[in-house]
Amino acid sequence: MPRITVSVDGVTYEEEVEPRLLLVHLLRDRLGKTGTPIGCDTGNCGACTVTLDGRSAKSCSVLAVQADGSEVVTIEGLARGQEWHPMQEAFHAEHALQCGYCTPGMIMAAIDLLKDDPDPSEEAVRRGLEGNLCRCTGYSNIVRAVQRGAREMARQEAPRETRPETRQEAPAS
Amino acid sequence: MISAPFDYIRPASLEEACRALGDAEEAGDDVKVLAGGQSLLPLLRLRLAYPSALVDIGRLPEPRGVEDRGDHVFVGALTTHDEVMRSSVVRELIPLVALATATVADPAVRHRGTFGGSLAHADPAGDLPAVALALDCVFVVRSVDGEREIPASEFFVDYLEPALEPGEILVGVRVPKLGPGWGFHYEKFHRTAQSWATVGVAAAVRLGEGGGGTVEEARIALTNMGPTPVRAHAVEAALRGADFAPSGSNGAPDRIREACDRADEGSVPPTDLHGGPEYRRHLARVLTYRAVRAAGG
């Protein structure tokens, strides 16, 4: 079985994985990162969105072996100690969730969107989150939360994540 | 769901990838090339495909990137959709590619999905095959025996079936620059934000000089109107000489609309949850009109 090294929320793991193991299953079943849910079987819903080498990815549509040598950030890696990430705070403050199932993916996608557009319009938020479905249709509050989170992140002027300049090259198996 | 088991091969170079692919296919294995995996992995998870091995080229340093090569732009197969959209060369010199790529799936998928992967997957519901067909792109494929070129008109053989021989990998696509005077549009109809096109239309239109608004040349291709992308030759021919003057002016018939009403000629539209052939034929006519108006306007 291939052996992979992957950094998740700042901790490096070495795992032997079956090639067909999905990244989301590695996160949930092997590493206990159950903050990342699985919402669909088709890559549509975005609930399992994580950051992979600095950009958003649907962890149900990535093999664990594809993440070898990569850095993954999940919803569980956003808070600093007891202090929530501003986007988490904003989702709480704006009541941007009903059942909460889509929330981790929404927050990860929102933070990714701000890397390109730190002050997004309502339209830009709606477009930026087009890959994330809320089955409760709570989009209005979600859009407000993303804009609030963006303002707070700009105010703090302390980005939580920086985008790697280059992707790490993984050794051949 | 979890995919059926497969062997995983991660070559260190494109040459090694060609060799691994050729060897495995010669041994009778059903091998698929994995790049971004955004089309392939959902297929595997739904168990719609059972390859015995994947050859992962997704981390190879080449062929990726966009290069201005004079009369055409070369887009490396491993260039992600996100990279294509951000490329100023693409936006300025081959804008139809940028317009269509911006409609592919959603941001997270565009971060990983690749230009070449979308084309080699040969899904007629994908947005890029119709664009490649409309622009008369040239596909560059490589095997251990060397490189060869396949014109877009011959690349899409059947549903999910590109004209790749065993052991061949798509390395990139030559996208011709159409030069000044051309306008472009990609019109896509879909039911939810990130879903596949129910029908899509790639249009490139060149109007005559002097601001007369007369169509000199048009290139039209359709997404999801058959097992392969469809070139709307009848529309292209009927558009030649048609006038962009406001419809109905002087009581003259709208020749643009008449031309676009031929959009479904030669198509074999599929049936799925989103509609049957008649509905798709209707969509093709309406969307072609919108696309041509937007491209020529």
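The values are calculated or read from the model by the stated rules, or taken from the named source; none is laboratory data. Since the model is a prediction, treat every value here as computed from it, not as a measurement. Don't worry about glycine lacking a Cβ; one is built from the backbone with ideal geometry, like all the others, and counts go over all protein chains shown.
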message = Being modelled with pLDDT of 95 or more and basic (Lys, Arg): is that true of B:ARG45 here?
response = no
query = Which one is farthest from the other protein chains (Cβ to nearest Cβ), of the residues in the stretch A:11-32 that are surrounded by fewer than 21 Cβ atoms within 10 Å (Cβ to Cβ) and in a loop (DSSP other than H, G, I, E, B)?
reply = A:GLY32
Total residues in the stretch B:118-148, condition touching a residue at least 24 places away in the same chain (Cβ under 8 Å) and either assigned by TED's automatic domain parsing to the domain that holds B:VAL201 or more than 19 Å from B:GLY200 (Cα to Cα) (or both) = 8
inquiry  = Take A:CYS40 and tell me if it is in contact (Cβ under 8 Å) with a residue 12 or more places away in the chain, within 10 Å of another protein chain (Cβ to nearest Cβ), surrounded by fewer than 18 Cβ atoms within 10 Å (Cβ to Cβ) and within 23 Å of B:LEU41 (Cβ to Cβ).
reply    = yes
task = Inspect all residues belonging to the stretch A:3-10 and state whether any of them is basic (Lys, Arg), at pLDDT 95 or above and not in a helix (DSSP H, G or I).
result = yes
query = Cβ-Cβ below 8 Å, separation at least six or inter-chain, first residue in the stretch B:256-270 and free of Cβ contacts under 8 Å to residues at least 24 places away in the same chain, second part of a loop (DSSP other than H, G, I, E, B) and not charged (D, E, K, R): which pairs?
reply = B:GLU258/B:ALA242
query = Does the stretch A:7-18 contain any residue that is within 13 Å of the chain's Cα centre (by Cα) and charged (D, E, K, R)?
reply = yes
key: Pair list, Cβ < 6 Å and 6+ apart or interchain, from the stretch B:1-22 residues that are within 12 Å of chain A (Cβ to nearest Cβ) to residues that are among the aromatic types (Phe, Trp, Tyr)   = B:ALA4/B:TYR50
task = Could you please find all residues in the stretch B:215-239 being of a type in the set (A, V, I, L, M) and out of contact with any Ser or Thr (no Cβ under 8 Å at 6 or more places or on another chain)?
result = B:VAL215, B:ALA218, B:ALA221, B:ALA234, B:ALA237, B:ALA238, B:LEU239
ask   = Taking the stretch B:41-52 as the search range and keeping residues that are within 9 Å of another protein chain (Cβ to nearest Cβ) and in contact with a helix residue (DSSP H, G or I) (Cβ under 7 Å, 6 or more places away or on another chain), which one is nearest to B:ASP7 (Cα to Cα)?
value = B:LEU41
ask   = So is B:LEU164 within 19 Å of the chain's Cα centre (by Cα), closer than 30 Å to B:GLY22 by Cα and assigned to a loop (DSSP other than H, G, I, E, B) or not?
value = yes
